[in-house]
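Please read the structure below before turning to the comments.
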Amino acid sequence: MSEATPLLRMRGIVKQFPGVRALDGVDLEVLPGEVHCLLGQNGAGKSTLIKTLAGAHQPDEGTITLNGADVRLSSPIAAIRLGISTIYQELDLVDGLSVAENVFLGHEPARLGFVGRGRATRATRELLARLGHGEINPSTEVGRLSPAAKQVVSMARALSHDTRLIIMDEPSAALAHDEVGNLFRIIRELTAQGVAVVYISHRLEEIREIGDRVTVLKDGRTVAVGLPAKQTPTSRVVALMTGREVEYVFPPRRAERVAGAEVLRVERLTVPGVFADVSFSVRAGEIVGLAGLVGSGRSEIIEAVYGARRFSGQVFLEGRPVRGGGTTGAVRLGMGLAPEERKAQALLLDQSVSRNISLASLGRYSRLGWMDRRREAADAREMVRALDIRPADPERPVKTLSGGNQQKAVLARWLLNDRRLLLLDEPTRGVDVGARAELYALVRRLADEGIGVLLVSSEVPEVLGLADRVLVLREGRVIREADAGELDEHAVLDMIMEGSAL
Amino acid sequence: MTSPADERVETPVRKPAVLSPLARLGEMRHLGLVVALVLLAVVGLVTVPGTFATTSNLVSILSLAATIGVITVGMTFVIIGGGIDLSVGAVMALASVWATTLATQSYGPLVMIVCAVLVGTGAGLVNGLLISYGRMVPFIATLAMLVAARGLAQRMSDRRTQLVQQGNEMIVELSTTRVLGIPLLVYIFALVVLAGWVVLNRTTFGRRTYAVGGNPEAARLAGIDVRRHTVALYALSGLCCGIAAVLIMARTTTGSSTHGDLYELDAIAAVIIGGTLLTGGRGSIIGSILGLLIFTVITNLFILNGLNTSDQLVAKGLIIVVAVLLQRRALTSRT
């Protein structure tokens with residue numbers, strides 16, 4: 001099999017985004033009829049690589065050959081015409097259309113502009129039968145199907161083109177256990193027919209079961225090509241994924257930890273179907289980290305603590321209960337949140353830095369409803385100076401700032417009004433390396449001033465380097481709680497991916 | 001887009017006298033509206049020199065603008081807050097009918113005014129509650145209110161025009177009494193505009209309005225009670241409809257279920273021409289009022305020139321399109 005002509009060969013792919021080199025020389029080689037797994041941590045460049053293959057991004061450098069011929073994937077349509085189909089993580093189906101309409105969306109069999117409904121329905125039925133799901137009715141509305149059935153429809157759509165290569169981005173994420181088995185059966189049938197599959201998943205056990213070979217990405221580079229999926233030990237894969245060149249600079253922890261008073265206590269917190277029975281506490285001056293994969297419940301825990309979700313169980317801030325289903329209570333008690341999606345969830349992009357900073361403290365500037373604009377401006381100037389927000393102009397629209405400075409503006413919003421607890425969800429997402437060190441130092445300084453911090457990050461080194469204490473999450477449960485010093489990156493990655501260690 | 005390299009460049013400290021880019025753009029946008037208004041005035045001076053620039057004509061333009069103008073102030077709040085209120089004309093009609101029933105009129109003019117204001121605010125409150133807590137789309141909730149309020153007004157009045165009775169002339173005097181040659185109702189209009197500007201630009205309520213419309217999720221996570229604020233915005237719009245009802249009673253000496261037909265479209269158009277985005281989070285009272293004045297002056301010019309009113313509608317449609325296209329260009333050229 002090693003000397004078979006590769007179906008796809010990518011060489012030295014480079015993709016540069018403003019401020020980030022997302023792909024920095026990636027090689028990938030896929031053989032016909034194989035399941036090729038792509039592994040890497042968040043931010044390693046997997047999604048950028050997929051999008052390059054799907055024709056959604058154009059590489060700045062490098063070559064792509066398909067069946068020995070150089071190709072340019074200039075648009076998604078060009079990629080599909082060449083036989084490359086992509087099934088994205090968030091299924092891109094139209095809920096209001098029928099199964100058949102979805103399958104043939106964009107390439108409806110038509111005559112003189114009239115859609116050949118009968119032909120589309122027949123062809124869809126054949127495709128579904130080929131996938132072993134003849135029971136799905138082509139005229140059913142897609143919105144009424146289960147996630148697993150939607151997955152099958154997505155696959156039927158991929159096959160409705162003359163497909164030689166299917167890219168699957170975490171296809172099992174939305175599926176229950178027995179449905180994953182069915183997905184694997186379909187993948188095996190496809191590969192038996194000579195179709196190649198690029199399979200992306202965080203779950204190593206799945207890769208063992210379905211994969212033929214593995215390519216590992218790290219920091220935008222290929223670090224291992226074509227490892228045998230079944231024989232390579234987990235420890236080797238994890239080592240490849242983590243061996244890191246980008247150095248994180250973390251501020252020193254205080255030599256002896258002063259046990260502050262308990263700020264946050266969470267008891268048996270549960271959101272059905274997301275996470276269950278989570279209990280922990282955060283003390284004043286302490287940074288507690290939540291480590292886990294996407295879907296492990298880490299962001300949802302933070303949202304529940306903040307009252308943004310309904311939950312069962314109990315949350316106390318300095319002994320006073322927080323209720324779910326509204327954030328005003330949590331804010332009044334002294335919590336602040338820097339949410340995961342900074343632009344969508346935190347910022348008023350068109351408005352000035354100053355107005356973004358004052359947003360959570362309007363009550364403080366209100367005299368009978370009247371805005372004390374002079375004090376607002378003075379406080380904003382003070383915050384911009386204290387957190388070194390650049391450029392140092394509080395009147396500038398916040399959207400013109402870099403990611404790191406936007407994040408500082410979000411933190412400034414909360415520091416303005418005396419917080420007891422800060423919830424940080426992916427605080428360094430989209431922040432470049434230099435600015436990260438500054439943010440780490442800032443968070444540590446705040447903790448030293450007596451604020452409790454609850455930190456979520458998908459980057460394990462960040463959690464281990466910044467937090468004092470770490471909770472490891474897997475599939476909605478806490479599987480380990482320990483001081484950060486007792487854990488190392490390998491062990492934590494092992495735990496969140498395999499659930500093996502205890 | 002700023003690259004990390006740009007940020008390390010020292011930015012000179014801005015002198016306080018210089019306006020920020022946003023403020024400058026705001027001024028320019030209003031400047032465009034003012035220029036349009038001046039151009040229309042020139043057209044008036046050229047085509048109907050004898051009648052356009054007279055005091056009585058200017059006063060009639062302002063009186064005409066006053067009723068919709070008050071409604072436009074409320075509409076501006078709702079739209080900046082990310083919503084829309086289609087029920088304004090119908091709610092105004094209902095308030096005018098309720099205030100001119102014989103039963104209400106028997107209590108005298110002050111009670112009539114209070115009645116109109118309460119009916120308007122109440123209808124707005126219902127809109128807000130349906131949207132915030134009933135989770136209805138603003139378009140649908142206020143469309144339902146439009147139909148229902150108009151129907152209720154017809155039922156209450158039996159589809160008859162209700163005259164302001166003798167003894168309640170104080171209402172009518174709002175349009176007949178003049179101070180410095182200008183009727184009282186124009187002063188009321190000006191007061192509402194001023195109050196609206198102050199609330200929007202100088203109070204925390206105004207700040208929250210921009211935040212709720214610009215990014216409701218960010219507002220919610222910053223601890224702002226978005227639902228309560230939304231209810232308040234629609235109640236405010238209803239309040240404006242109540243005040244407008246008083247003005248229309250003053251001008252026409254009647255309450256009628258046919259008052260305010262299609263006012264919602266004029267008000268929304270004025271807000272859009274004034275540069276407020278229908279997606280919320282951006283806009284200004286001054287812009288809306290300038291937009292409304294442009295509309296009113298066009299109507300006035302068509303009437304003075306004896307032109308077809310149908311052509312006038314076509315002209316208004318064109319103006320909306322041109323205004324939006326120009327604003328889009330101003331926005332994109334900035335980034």
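The values are calculated or read from the model by the stated rules, or taken from the named source; none is laboratory data. Predicted model only: the values in this text are computed from it and were never measured. Ideal geometry is used to build each Cβ from the backbone, glycine not excepted, and the neighbour counts take in all protein chains shown.
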(request) Tell me, please, whether a residue that is assigned to a helix (DSSP H, G or I) and at pLDDT 90 or above can be found in the stretch A:419-435. (result) no
(request) Give me a count of the residues in the stretch A:312-342 that are part of a loop (DSSP other than H, G, I, E, B), more than 9 Å from every other protein chain (Cβ to nearest Cβ) and among the small types (Gly, Ala, Ser). (result) 4
(message) Can you list residue pairs whose Cβ atoms sit under 7 Å apart, with the first residue in the stretch A:56-85 being touching a residue at least 12 places away in the same chain (Cβ under 8 Å) and among the small types (Gly, Ala, Ser) and the second being assigned to a loop (DSSP other than H, G, I, E, B) and surrounded by fewer than 13 Cβ atoms within 10 Å (Cβ to Cβ)? Count only pairs 6 or more apart in sequence or on different chains.
(response) A:Gly68/A:Thr5; A:Ser74/A:Gln58; A:Gly83/A:Asp162
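Each row is one residue, and each column tells you yes or no for (1) part of a loop (DSSP other than H, G, I, E, B); (2) touching a strand residue (DSSP E or B) at 6+ places or on another chain (Cβ under 9 Å); (3) among the polar types (S, T, N, Q); (4) surrounded by fewer than 20 Cβ atoms within 10 Å (Cβ to Cβ).
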{"residue": "B:Gly89", "(1), (2), (3), (4)": "no, no, no, no"}
{"residue": "B:Leu94", "(1), (2), (3), (4)": "no, no, no, no"}
{"residue": "B:Val97", "(1), (2), (3), (4)": "no, yes, no, no"}
{"residue": "B:Gly120", "(1), (2), (3), (4)": "no, no, no, no"}
{"residue": "B:Thr142", "(1), (2), (3), (4)": "no, no, yes, no"}
{"residue": "B:Gly151", "(1), (2), (3), (4)": "no, no, no, yes"}
(request) Find the residue count for the stretch B:174-210, including only residues that are part of a helix (DSSP H, G or I), exposed (fewer than 15 other Cβ atoms within 10 Å of the Cβ) and touching a Pro at 6+ places or on another chain (Cβ under 9 Å). (result) 1
(message) Of everything in the stretch A:105-142, what is in contact with a Gly (Cβ under 9 Å, 6 or more places away or on another chain) and at pLDDT below 85? Give them in sequence order.
(response) A:Glu108, A:Pro109, A:Ala110
(message) Need pairs with beta-carbon distance below 6 Å; first residue in a loop (DSSP other than H, G, I, E, B) and within the stretch A:199-215, second among the charged types (D, E, K, R); sequence gap 6+ or separate chains.
(response) A:Ser201/A:Glu170; A:Asp212/A:Glu34
(message) It is to be established whether one or more residues within the stretch B:187-201 are more than 9 Å from every other protein chain (Cβ to nearest Cβ) and touching a strand residue (DSSP E or B) at 6+ places or on another chain (Cβ under 8 Å).
(response) yes
(request) Sort out which residues of the stretch B:291-331 are in a helix (DSSP H, G or I), over 16 Å from B:Val59 (Cα atoms) and either in contact (Cβ under 8 Å) with a residue 12 or more places away in the chain or touching a Pro at 6+ places or on another chain (Cβ under 9 Å) (or both), and write them in order of number. (result) B:Gly291, B:Phe302, B:Gln312, B:Ala315, B:Lys316, B:Ile319, B:Ile320, B:Ala323, B:Val324, B:Leu326, B:Gln327, B:Ala330
(request) Would you check if there is a residue in the stretch B:221-232 being more than 14 Å from every other protein chain (Cβ to nearest Cβ), small (Gly, Ala, Ser) and in contact (Cβ under 8 Å) with a residue 24 or more places away in the chain? (result) no
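Yes/no matrix, rows are residues, columns are (1) hydrophobic (A, V, I, L, M, F, W, C); (2) part of a loop (DSSP other than H, G, I, E, B); (3) touching a residue at least 40 places away in the same chain (Cβ under 8 Å); (4) in the same structural domain as A:Pro252 (by TED's automatic domain parsing):
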residue: A:Ala447; (1), (2), (3), (4): yes, no, yes, yes
residue: A:Leu454; (1), (2), (3), (4): yes, no, yes, yes
residue: A:Gly465; (1), (2), (3), (4): no, no, yes, yes
residue: A:Val472; (1), (2), (3), (4): yes, no, yes, yes
residue: A:Glu481; (1), (2), (3), (4): no, no, yes, yes
residue: A:Gly485; (1), (2), (3), (4): no, no, no, yes
residue: A:Ala491; (1), (2), (3), (4): yes, no, no, yes
residue: A:Asp494; (1), (2), (3), (4): no, no, yes, yes
residue: A:Met497; (1), (2), (3), (4): yes, no, yes, yes
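So, in the stretch A:400-413, exactly how many residues are more than 22 Å from the chain's Cα centre (by Cα) and at the interface with chain B (Cβ under 9 Å from one of its Cβ atoms)? Working first, answer last.
Quick first cut of the stretch A:400-413, residues more than 22 Å from the chain's Cα centre (by Cα) only: A:400-401, A:409, A:412-413.
Next cut, at the interface with chain B (Cβ under 9 Å from one of its Cβ atoms) only: A:400-401, A:413.
Looking only at that region, the number is 3.
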(request) Provide a single number: the residues in the stretch B:158-194 that are under 18 Å from the mean Cα position of the chain (by Cα) and in contact (Cβ under 8 Å) with a residue 12 or more places away in the chain. (result) 6
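When you scan the stretch B:47-61, do you find a residue that is in contact with a strand residue (DSSP E or B) (Cβ under 7 Å, 6 or more places away or on another chain), surrounded by 15 or more Cβ atoms within 10 Å (Cβ to Cβ) and not in a loop (DSSP other than H, G, I, E, B), even just one?
Scanning the stretch B:47-61 turns up at least one residue that is in contact with a strand residue (DSSP E or B) (Cβ under 7 Å, 6 or more places away or on another chain), surrounded by 15 or more Cβ atoms within 10 Å (Cβ to Cβ) and not in a loop (DSSP other than H, G, I, E, B).
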(message) Could you tell me how many of the residues in the stretch A:357-393 are of a type in the set (Lys, Arg) and either outside any helix (DSSP H, G or I) or at the interface with chain B (Cβ under 7 Å from one of its Cβ atoms) (or both)?
(response) 2
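Here is a yes/no grid of residues against (1) within 14 Å of another protein chain (Cβ to nearest Cβ); (2) assigned to a helix (DSSP H, G or I); (3) modelled with pLDDT of 85 or more; (4) surrounded by 12 or more Cβ atoms within 10 Å (Cβ to Cβ):
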| residue | (1), (2), (3), (4) |
| --- | --- |
| B:Arg14 | yes, no, no, yes |
| B:Val18 | yes, no, no, no |
| B:Ala23 | yes, yes, no, yes |
| B:Val34 | no, yes, yes, yes |
| B:Val43 | no, yes, yes, yes |
(message) Residues that are at pLDDT 90 or above, assigned to a loop (DSSP other than H, G, I, E, B) and more than 25 Å from A:Arg436 (Cα to Cα): does the stretch A:288-307 have at least one?
(response) yes
(message) For a quick check of your reading of the model, give me the residue pairs whose first member lies in the stretch A:118-141 and is without any contact (Cβ under 8 Å) to a residue 24 or more places away in the chain and among the polar types (S, T, N, Q), whose second is surrounded by 16 or more Cβ atoms within 10 Å (Cβ to Cβ) and not in a loop (DSSP other than H, G, I, E, B), with beta-carbon atoms closer than 8 Å and at least 6 apart or on different chains.
(response) A:Thr121/A:Ala100
(message) Here is a check on your reading of the model: is A:Ser354 more than 9 Å from chain B (Cβ to nearest Cβ) and crowded, with 18+ Cβ neighbours inside 10 Å?
(response) yes
(request) Go through the stretch B:211-220 and count every residue that is touching a residue at least 12 places away in the same chain (Cβ under 8 Å) and facing chain A (nearest Cβ under 7 Å). (result) 3
(request) Residues being modelled with pLDDT under 85 and hydroxyl-bearing (Ser, Thr, Tyr): count how many of those fall in the stretch A:161-193. (result) 1
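Residue-by-condition table, conditions (1) in a loop (DSSP other than H, G, I, E, B); (2) under 23 Å from A:Glu205 (Cβ atoms); (3) of a type in the set (D, E, K, R):
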residue: A:Ile13; (1), (2), (3): no, no, no
residue: A:Pro32; (1), (2), (3): yes, no, no
residue: A:Cys37; (1), (2), (3): no, yes, no
residue: A:Ala44; (1), (2), (3): yes, yes, no
residue: A:Ile50; (1), (2), (3): no, yes, no
residue: A:His57; (1), (2), (3): yes, no, no
residue: A:Gly62; (1), (2), (3): no, no, no
(message) Which condition from (1) closer than 26 Å to A:Glu376 by Cα; (2) touching a residue at least 24 places away in the same chain (Cβ under 8 Å); (3) hydrophobic (A, V, I, L, M, F, W, C) is the one that A:Ala392 breaks?
(response) (2)
(request) Among the candidates A:Glu438, A:Glu462, A:Glu449, A:Glu486, single out the residue that is buried (at least 21 other Cβ atoms within 10 Å of the Cβ) and among the acidic types (Asp, Glu). (result) A:Glu462
